[in-house]
Amino acid sequence: MSYDPSNVFAKILRGDIPSKPVYDSDHVLAFPDISPRAPVHILIIPKGAYTSAQDFSESASAAEKLAFFDAIAAIATQCGVAETGYRLIANTGANGHQEVPHFHLHLIGGRALGPMLPQD
Ligand code: AMP
């Protein structure tokens, strides 16, 4: 899948759509999800044009990957969920129900989240 620069997170990165970043570094931006599913629901995105977790894993530089993983702990601490725990979700592709085609992690916490997936 080629990168679509009209996706909503590309617009946020360009400043075409406003956001309230909770974290901003050379390679990473994080901001609240517009439809939060829990008291803490932050989206963590690379600033590079990567369509998915698969694309990021295959194509991002070592510096981008390191910065992305470093950001997770910093954001969790800043949002007050480092001790109580949280869930990271990277919906990927069609079966993963990914809606926005710019790689992002959901960092979700602030309450007990229950089992990973609903039982069938
Ligand atoms: P996904 O299904 O993993 O692609 O999730 C995309 C997420 O982006 C959803 O949880 C949306 O609520 C969120 N979202 C869409 N537009 C915005 C926006 N302008 N600002 C913040 N979050 C957004």
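Side notes on the structure shown:
- Whether a residue is within 21 Å of Asp4 (Cα to Cα), at pLDDT below 95 and not hydrophobic (A, V, I, L, M, F, W, C) was assessed, and Ser61 does not pass this test.
- Residues of segment 105-120 satisfying the condition of being open to solvent by 100 Å² or more (accessible area, probe 1.4 Å) and modelled with pLDDT of 90 or more: Arg111, Met116
- Count of segment 14-48 residues which are free of Cβ contacts under 8 Å to residues at least 40 places away in the same chain and not in a loop (DSSP other than H, G, I, E, B): 5
- Any chance Leu66 is surrounded by 12 or more Cβ atoms within 10 Å (Cβ to Cβ) and within 12 Å of the ligand (Cβ to nearest atom): no
- Looking only at residues in segment 81-103 that are in contact (Cβ under 8 Å) with a residue 24 or more places away in the chain and not in a loop (DSSP other than H, G, I, E, B), the one that is farthest from Asp4 (Cα to Cα) is Tyr86.
- Taken over segment 104-119, residues that are in contact with a helix residue (DSSP H, G or I) (Cβ under 9 Å, 6 or more places away or on another chain) and not in a loop (DSSP other than H, G, I, E, B) amount to 3.
The values are calculated or read from the model by the stated rules, or taken from the named source; none is laboratory data. If you're wondering where the values come from, they're calculated on a predicted model, not measured in any experiment. Glycine gets a Cβ as well: all are built from the backbone with ideal geometry, and neighbour counts include every protein chain shown. Ligands, DNA and RNA are stripped out before the accessible areas are found, and what is left, the full protein with its side chains, is counted by its heavy atoms. Shrake-Rupley method; radii C 1.70, N 1.55, O 1.52, S 1.80 Å.
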